[in-house]
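Read-outs: derived from the displayed coordinates by stated rules, not from any lab. What you see is a predicted model; the values in this text were computed from it and never measured. Positions of Cβ are generated from backbone atoms using ideal geometry, with glycine treated the same way; all protein chains shown enter the neighbour counts.
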Protein chains: 4
Amino acid sequence: VLFDGTYGRGQTAAALSGTAWLQALLDVEASLARATAAAGLIPPAAAARIAEACRAERFSVEEIAREAAAHATVVIPLVAALREAVGPDDRDHVHLGATSQDVLDSATMLLAGRALDALLADAEAVAAAARGLAAAHRETPVIGRTLLQQALPTSFGLRAAGWMRGVEEAAGQLAAIRDGGLPVQMGGAVGRRGPQVADLVAADLGLAPAPLPWHAVRVPVGRLAGALGVLAGVLAKIARDVTLSAQDEVGELREGGERRGGSSAMAHKRNPVAAVSVLACTRRVPGLVVTLLAGMEQEHERAAGAWQAEWGTLSDLLTLTGSATAWARDLLERLVVDPERMRRNLDRFHAASGRQGGVGDGLRDAAALIDRALAAGGEASG
Amino acid sequence: VLFDGTYGRGQTAAALSGTAWLQALLDVEASLARATAAAGLIPPAAAARIAEACRAERFSVEEIAREAAAHATVVIPLVAALREAVGPDDRDHVHLGATSQDVLDSATMLLAGRALDALLADAEAVAAAARGLAAAHRETPVIGRTLLQQALPTSFGLRAAGWMRGVEEAAGQLAAIRDGGLPVQMGGAVGRRGPQVADLVAADLGLAPAPLPWHAVRVPVGRLAGALGVLAGVLAKIARDVTLSAQDEVGELREGGERRGGSSAMAHKRNPVAAVSVLACTRRVPGLVVTLLAGMEQEHERAAGAWQAEWGTLSDLLTLTGSATAWARDLLERLVVDPERMRRNLDRFHAASGRQGGVGDGLRDAAALIDRALAAGGEASG
Amino acid sequence: VLFDGTYGRGQTAAALSGTAWLQALLDVEASLARATAAAGLIPPAAAARIAEACRAERFSVEEIAREAAAHATVVIPLVAALREAVGPDDRDHVHLGATSQDVLDSATMLLAGRALDALLADAEAVAAAARGLAAAHRETPVIGRTLLQQALPTSFGLRAAGWMRGVEEAAGQLAAIRDGGLPVQMGGAVGRRGPQVADLVAADLGLAPAPLPWHAVRVPVGRLAGALGVLAGVLAKIARDVTLSAQDEVGELREGGERRGGSSAMAHKRNPVAAVSVLACTRRVPGLVVTLLAGMEQEHERAAGAWQAEWGTLSDLLTLTGSATAWARDLLERLVVDPERMRRNLDRFHAASGRQGGVGDGLRDAAALIDRALAAGGEASG
Amino acid sequence: VLFDGTYGRGQTAAALSGTAWLQALLDVEASLARATAAAGLIPPAAAARIAEACRAERFSVEEIAREAAAHATVVIPLVAALREAVGPDDRDHVHLGATSQDVLDSATMLLAGRALDALLADAEAVAAAARGLAAAHRETPVIGRTLLQQALPTSFGLRAAGWMRGVEEAAGQLAAIRDGGLPVQMGGAVGRRGPQVADLVAADLGLAPAPLPWHAVRVPVGRLAGALGVLAGVLAKIARDVTLSAQDEVGELREGGERRGGSSAMAHKRNPVAAVSVLACTRRVPGLVVTLLAGMEQEHERAAGAWQAEWGTLSDLLTLTGSATAWARDLLERLVVDPERMRRNLDRFHAASGRQGGVGDGLRDAAALIDRALAAGGEASG
């Protein structure tokens, strides 16, 4: 909590709070009630009353968390509390034919979709800001650097176009997952429940249908994890470039915005807070991805440990990637470019290499590449 | 080398040997020569002579490896050796306008494509074997197990259908990457070379065109790594199920094949060698994925360290995932199912739970799910 | 929060709450005030008033978290709030000569020590319970299993002795770190503050003195991370053995305790909740260790990203390892051993291998090893 | 192989070659023969003949690797080949009472010790070079940098002292492991063999005795992995500092040595090859550590997959950390310091901050810290 300013920026974190988790679980129970009613298994009126009861504010996150310890799942105490809430007539209609994992996995996919909505809105803004930089600096010369050494001139717009393209590609993969890769789970105790109810729940919640239950075949989780890892990697690249370019001795970029990054002890200093915060989040991402990929080794019809390790890991992974995206948006939307310092650093190159100052040909090539990327990028992210 | 029997099974490992790497690098140089000739930058006859010289057997892997140390890239000594090989008239036509990373990245994508060809052939065979098991055991009852405890009856075919589906999904993502997600790299020293030559090289080598150079925006690497990690995760799930089902006390599955898995000290023992070997490989995969994802934080136009860490990591990742796939094929194509032991283990459940023996309804549901998966799966992997 | 029943068992989690973090930061500020007073840099009365103000309940975790975003450190708003709290006469005596990282790193070490106190108390109980099992089952025959196949008879006590020894070794390393490997940080803005104040703060807080500031040389963090990873690995081994031994078809071990692990849908089922919860925690640990080790690549006098990624990661790592230890204690203190099932599973081995039932020699060897381990273990953990 | 110039520098890689592995396995068999003879279990003459046959050049790495596939262990074909080599009279005296894992684990520890000898010799040289820099630049002013921004002046010697201290601490932990933390494994099929033979083998091979077999309690592996990860982290910190300081715009450090790091396309450019190579190796390390830590979850008396994943992983981990150490030695022993550029960069700070040029007080503090570290370091690493 204390570090949420860094790790929980933007809307993604809120989409994954304890209350948000609780509501998502209840949304699945409500949807299941509607689906079982539609399938003729419970009375429609009962489904309506159950759905009415499925509001997070009626339950206590702390209490359910505490009781969950005895079961290694929060769904058992939640269903008990929900049955209590609906009363004796409806209690047997709650959670009909479902297993804990059905509810938890479906809720996870629901939350992932909500988190991705927030995250992708920020990612689009990051890409748009990079696009703006690429267009504005098509022919702003900057020294290209390889292995952290001055190499040959290029244009700053080309570097920004690379950022744009990377974000677009990574976000495009996440958007595809959001739009078709978050499947419902509703297979019952050992995954052999017929698909009728599952398909109804999927349609109701906006999840993808599942050809088969995936209780222990965790492709949806692994794929989502990988795609989040790729986006985090691109954001890290951008933030790393900015921190390097913002070094006093380089001075080509700096963070904009008011009163940000001041140092109490050193008044002259201006820290690249947004870029550092991007990195603070992205550095934590690969370790979470590895946990989810290693956790795909799950036993039989439900894993003893690997599944239970996913809950917090995926939650953290979405939160941190979302926070990194929000910080990156903040960073690029306010980024201050200093073409004059870029020019002066180029002069050093010209002096050291003995080359003349003309960088015109290179810039024309760079501008042509940028134009192609701006055109292609628009389609890719559309 | 000593452990290649475990880690390097099948054809994927051979696709990533030192000689295979060398040939891929030379293939790129040859293609670049043809492309620069087509662009009118060098004489066609020179391109033909260069291409003729680009045969791995003319060069020494060990010698190039040794000289590479002084440059942190194998391309510099390789280009020097190639220039030596073509002689004074053509030497200036070699490697024209390219940077080391162009050649190494394009070669990496070329090798990845070749490795994926081998790997996906085995993955298709794994999926087909799982499909066969699913069809053959549509109604073979087995106790479903959750948290490693007996839960409720299901059919073994449904578990196998889950394996099939997982492999199909994971392999489908890799096939999509092979067919359009392995881009050429040919941007020159700082990535601003115009696209003409790059597009020609891409077409010549069967790589995807790159809207922009991606020297330091490593989405193609990250995406490939994630997809390999997902396939490894599915294979690990299958192998884990088999090792558990092959326990003497369970006895529902065992590995087939002759003289495999004998123990020198314990003649009665039959080790699940293929399943264990799958796991020996898949357990090594997530740690390699994490290195590649963390390594996406690359500086400016070429990274100082993160890029150079990719070479061996991606090579190992492809090799190990390929080996796991070959072992999984071996495993599933010879898997021996024991319906009688499945039945006896079910009897224990019936005795413990006090339920009657009828599992008919559940099996009909399971069979319907299998049929749906067999139909859907065919499309997904097609 | 919702999953704290699984991930936050025992006392370690409480030691790392937002409030606990806040208090630890304030403890460092109070100690710094006393140290600067002792060094004659501020009036003793001012130090007393500052220390008096350093109580977490006087500040708001949420508010400081919110304001921290603009600085990428919680210390800047905390120091501002503390200066506000002490009033105009003392405000300049607060935080004298320190940098944010001094306070945050020292607080981290302080919290790590407190968390380790809780964790090691549980670890000692785990080792004691394993010791009890080893002593009680010195000669209880069980079939040894290799590659998940029946191999040769051994004694269950020997397996438990291995658990004991592993926990003792891993806990011993953590105890050594707690007792001398948690150094103070008090080097000032760029780490060149003289050692006088730092040594005073170290003595006051019970931290180890630091020969040099370690702002960007993160050996203490990496070493702690590795040692936590090793303990988690041993606990995972124990829990894995229990889940396997608790399979219905094996039945050699089961979890004790009342009303634990019941299934709502399957009344006959008894889930190994404690073992599964151990694994739910330990599976998350290696991914956190990798983040901290990779994060040791820190720039110059303070890192831009890698340091800021540590805060949440180390907090989670301590919490999860602590929770795993608490769950393991719960598991082993209530573990129910079934020698009769062990005997019956051995009979299967004798039938399959054609060997006679005599396991006497093997058990005597096992008992001798156990006796040696019980003796050695007592010293190692002392 | 092709990338060995980068990944396999120095003597550590050679200590882990296929032939080195083979010899280590044979060394264990020879030692076991001597030990069983000493215990009166086989004739001394037979032991001598077996030991005589245990020379790697008499066997084929490739052949044994190929045959190992069918057993998931190289020891079975190796023992078969060794029995063949010694002939019919002695064949039953080979490998007496041992299991494959005994030989492989003991050989692994033996190789780890040999690899650490090479690695630690380089690590001592790295520390010595850093010590030399610290002493030589006790009062060489440099601007301290935090978050990649100029902060306050310090001395370059203090930064080098931090490097020294980090290497000494990390190497000290590895030396302690080498000298007492590499235990023999000789427990027989299920780990209950009495300790007599094991103790003899340990003494003969210079390994630590094992109070209990650790076939599936992998503390020695996890501890070694963590310690290697810490050393790699320190080396990464050093190399990162150098790459940053070697930027053209900073210019405070550069790599020495002849004809290193030239660029074929850019004659003015001088790449920091050694620093980049350190990072190429260290970036691969954390992912290997995570595999070993996650792999500690091993079943019963021998794991089905997790153990078999260790062989290649630990081998790579030692090789890469060793290579990083050799590169770091190369880097620091030739490092060129430019006090004049340091001074000019400080001038920028003075101009920006409005502070006067006097940095004397700070340097005196820094020098005092350095002196303390030089004194303390000598003891710590002794």
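Sorted from shortest to longest, the distances between the B:R58 label points of this copy and the other copies are 4.5, 7.9, 8.0 nm, with each point 7 Å from Cα along the line through the beta carbon. Net charge of the neighbourhood of D:A227, taken over other residues with C-beta under 12 Å away and scored Lys/Arg +1, Asp/Glu -1, is +2.
Its alpha carbons give segment A:1-140 an Rg and a Dmax of 20.0, 73 Å. Take every DSSP beta bridge whose two residues both sit in the protein assembly as shown, then give the antiparallel share in percent to the nearest 5. Bridges in the protein assembly as shown that DSSP calls antiparallel: roughly 80 percent.
Averaging over all projection directions, the Cα-based convex hull of segment A:271-382 occupies 12.1 nm² in the image plane. Taking 0.36 nm per residue of separation and subtracting the current Cα-Cα distance, fully stretching the chain between B:A135 and B:A376 would add 85.4 nm.
Projecting 7 Å from Cα along the Cα-to-Cβ direction, the label point of C:A39 sits 6.1, 6.2, 7.0 nm from its equivalents in the other copies, listed shortest first. Computed from the alpha carbon positions, the gyration tensor of segment C:122-254 leads to an equivalent ellipsoid with semi-axes of 45, 14, 10 Å, biggest first. Dividing the C-alpha radius of gyration of segment C:273-336 by 2.2 N^0.38 Å, with N its residue count, gives 1.44.
Kirkwood hydrodynamic radius computed over the protein assembly as shown comes to 33.0 Å, based on all pairs of distinct alpha carbons. Under 5 Å between amide hydrogens, built in the peptide plane, is the criterion, and for D:V142 it picks out D:T154, D:S155, D:F156 among residues at least 5 positions away or on other chains. Chain A holds its axis-closest Cβ, relative to the rotation onto D, at the residue and whole-Å distance A:E249, 2. Near D:M186, within a Cβ-to-Cβ distance under 12 Å, what is the net charge of the other residues, with Lys and Arg +1 and Asp and Glu -1? That sum, taken over residues with Cβ under 12 Å, equals -3. Note on D:V336 and B:V1: the model spin-label points, each 7 Å out from Cα along the C-beta direction, lie 3.9 nm apart.
Against chain B, whose longest principal axis comes from its Cα atoms, helix B:306-333 is set at around 40 degrees. Sorted from shortest to longest, the distances between the C:V1 label points of this copy and the other copies are 0.7, 6.0, 6.0 nm, with each point 7 Å from Cα along the line through the beta carbon. Restricting things to alpha carbons, find the Rg to Rh ratio for segment B:153-225 using the Kirkwood radius for Rh. Here the Rg-to-Rh quotient is 1.27. With viscosity set to 1.306 mPa s at 10 °C, what whole-number translational diffusion coefficient in µm²/s follows for segment D:59-121 from Stokes-Einstein and a Kirkwood radius over Cα pairs? Diffusion coefficient, whole number: 121 µm²/s.
Any idea what angle helix B:75-86 forms with the longest principal axis of chain B, computed on alpha-carbon atoms, 0 to 90 degrees, nearest 10? Helix B:75-86 and the main axis of chain B meet at about 60 degrees. A Förster radius of 41 Å combined with the Cβ-Cβ distance from C:S353 to D:T19 puts the calculated FRET efficiency at roughly 0.65. The fraction of all Cα pairs in segment D:94-156 landing in successive 10 Å bins from 0 to the largest distance is 18, 21, 20, 16, 13, 9, 4, given as whole percents. Over all directions, the projected convex hull of the C-alpha atoms in chain C averages 21.8 nm² in area.
For segment A:24-68, what log10 I(q)/I(0) values come out of the Debye formula at q = 0.17, 0.25, 0.26, 0.34 1/Å, with one point per alpha carbon and no solvent? These q points yield log10 I(q)/I(0) values of -0.51, -0.81, -0.84, -1.11. Computing FRET efficiency as 1/(1 + (r/R0)^6) for A:E63 and A:A121, where r is the C-beta to C-beta distance and R0 is 41 Å, gives about 0.75. How much net charge surrounds B:V28 when only other residues with a Cβ under 12 Å from its Cβ are counted (Lys, Arg +1; Asp, Glu -1)? My count for the surroundings of B:V28 gives -4. Overall shape of segment B:197-324 was characterised from the C-alpha gyration tensor. The equivalent ellipsoid obtained from it has semi-axes of 41, 15, 12 Å, in decreasing order. For the protein assembly as shown, the mean residue ellipticity at 222 nm estimated from helices alone is -21000 deg cm²/dmol, where every DSSP H run of n ≥ 4 contributes -39500 (n - 2.57) and the total is divided by all residues, rounded to the nearest 500.
To the nearest 10 degrees, how steep is helix D:44-53 against the longest Cα principal axis of chain D, on a 0 to 90 scale? So the helix axis and the longest Cα principal axis differ by about 50 degrees.
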